[in-house]
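Mind having a look at this structure? Questions to follow.
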Amino acid sequence: MPITPPPPRRGRGGAKRVLPGFGLTLGYTLFYLSIIVLIPLSALVFKTFTMTWPQFWEAVSAPRVMASYRLTFGASLIAALVNLVFGLLIAWVLVRYRFPGKKIVDALVDLPFALPTAVAGISLTALLAGNGWIGQYLEPLGIQLAFKPAGIVIALIFIGLPFVVRTVQPVLEDAEKELEEAATSLGATRLQIFFKVILPSITPALLTGFAMAFARAVGEYGSVIFIAGNMPMISEITPLIIIGKLEQYDYAGATAVAVVMLIISFALLLVINALQAWQRRHAGAPA
């Protein structure tokens, strides 16, 4: 006589449970997050507590460190804004149009994910330096990109573009074409359809892609270090300041600078998440 397997356990409300009980999965989740995220961040903060307040303030407010903050966050913001626009454009083309070589273009979007960041930095430097393929034509015009803050922005645009494209692309694919057709039948122009029908539905995805691109750019090191020039007060990024302090065995100073970056990054991400929640409530969707 065949043995009938027991029916799947049901949670509250009659929903079938795919994974084990809530207590076990929650415990594993908290344990995993503690090992991967909370414990390293806690060690960072506790190491900073070994410094007195004057020592901490001196470490994080030195002129060279302040210049690196302005460059790192400013370049990351500019790169994320550029990716916000052109990432949406690329995602729109990939979703709405058919053309020869579309699969190749779609695969090239993921190239910054697969390419080692150091290779990306060396490649961009070879292109944009004064003797590079592109730089040799720009420098006679007075345009110098390599070893300047502009080169850092270009490198951050390169590594951040896939985050926006891959976040917006599935949302555009799932967008309801009937709403656009209804707006067209009511006499709406293409710009009105985009700004009043399409854009509100993809804004959360755009903000998510922007946040991911910005967060990646803030902590980027490998692709930037080769094209930046690393000149103090001009093209020195904050991760390089941290690396320099670690090489000098100034671990407390390195963690102090890292904590400041962590606090600013968390604050910016919280603002972006708040904007996402506000946009969802404004659009009538659950936050």
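Whole number please: convex hull volume per residue, Cα atoms of the chain, in Å³.
In the chain, the Cα hull volume divided by residue count equals 256 Å³.
How large is the translational diffusion coefficient of the stretch 79-174 in µm² per second when you combine the Kirkwood radius over alpha carbon pairs with Stokes-Einstein at 20 °C and 1.002 mPa s?
Diffusion coefficient, whole number: 147 µm²/s.
If one puts a single equal scatterer on every Cα of the stretch 156-287 and applies the Debye formula without solvent, what log₁₀ I(q)/I(0) results at q = 0.13 Å⁻¹?
Once normalised to I(0) and log-transformed, intensities are -0.72.
How many percent of the accessible area of the chain is carbon or sulfur, using a 1.4 Å probe?
So the carbon and sulfur contribution to the accessible surface is 70 percent.
Please report, ordered by residue number, every helix of the chain (full DSSP H runs) that is 30 Å or longer along its axis going by C-alpha atoms and whose mean Kyte-Doolittle hydropathy reaches 1.6. Don't skip to the end; give the middle numbers.
On the way: long enough: 63-96 (49 Å, 1.45); 149-173 (36 Å, 1.67); 251-283 (47 Å, 1.26).
TM-like helix candidates: 149-173.
Okay, helix-only estimate at 222 nm for the chain: each DSSP H run of n ≥ 4 adds -39500 (n - 2.57), divide by all residues, round to 500 deg cm²/dmol; what do you get?
-22000 deg cm²/dmol
Grab the beta carbon distance between Phe194 and Leu262, set R0 = 35 Å, and tell me the FRET efficiency rounded to 0.05.
Between Phe194 and Leu262 the formula returns 0.40.
Select from Asp174, Asp250, Asp106 the residue whose mean-square fluctuation is largest in a Gaussian network model of the chain (Cα-Cα springs shorter than 10 Å).
Asp174
Assuming R0 = 35 Å, what is the FRET efficiency of Phe31 and Ser201, from their Cβ-Cβ distance, to the nearest 0.05?
Working: r = 37 Å, r/R0 = 1.07.
After rounding to 0.05, the efficiency reads 0.40.
Among Leu71, Leu161, Leu94, which one moves the most in a GNM of the chain with springs linking Cα atoms closer than 10 Å?
Of Leu71, Leu161, Leu94, the Gaussian network model singles out Leu94 as fluctuating most.
Continuing with the same structure: With a ≥ b ≥ c taken as the square roots of the eigenvalues of the C-alpha gyration tensor of the stretch 95-235, please select rounded if a/c is under 1.5 and otherwise prolate if a/b is larger than b/c or oblate if it is not?
Cα axes put the stretch 95-235 in the prolate bin.
A further question on this structure: If the reach is capped at under 17 angstrom between alpha carbons, list the lysines near Lys177, excluding any in the same chain fewer than eight residues apart.
Lys196
Using alpha carbons only, what's the Rg to Rh ratio of the stretch 43-123 with Rh from Kirkwood?
Working: Rg = 20.6 Å, Rh = 16.9 Å.
Rounded to two decimals, Rg/Rh equals 1.22.
Most mobile of Pro140, Pro232, Pro170 per a Gaussian network model of the chain (Cα springs, under 10 Å)?
Maximum among the listed residues: Pro140.
A further question on this structure: Please give the Cα centre distance for the stretch 76-129 versus the stretch 36-68, rounded to the nearest Å.
Distance between centres, Cα-based: 34 Å.
State to the nearest 20 debye the size of the charge dipole of the chain about its Cα centre, where the only charges are +1 on K and R beta carbons and -1 on D and E beta carbons.
Computed about the Cα centre, the dipole is about 920 debye.
If you don't mind, there's one more thing I want to ask. Can you tell me which lysines have their Cα less than 18 Å from the Cα of Lys47? Leave out same-chain residues fewer than eight positions away.
Qualifying lysines at Cα under 18 Å: Lys245.
Counting only heavy atoms of protein chains, what accessible area per residue, in Å², does the chain have with a probe of 1.4 Å?
Per residue, the chain has 62 Å² of solvent-accessible surface.
The values are calculated or read from the model by the stated rules, or taken from the named source; none is laboratory data. Treat the numbers as computed from the prediction; the structure is a model and nothing was measured. All Cβ positions, even for glycine, are placed from backbone atoms using ideal geometry, and neighbour counts span all protein chains on display. The accessibility values were calculated without ligands, DNA or RNA, using every heavy atom of the protein model including side chains. Shrake-Rupley method; radii C 1.70, N 1.55, O 1.52, S 1.80 Å.
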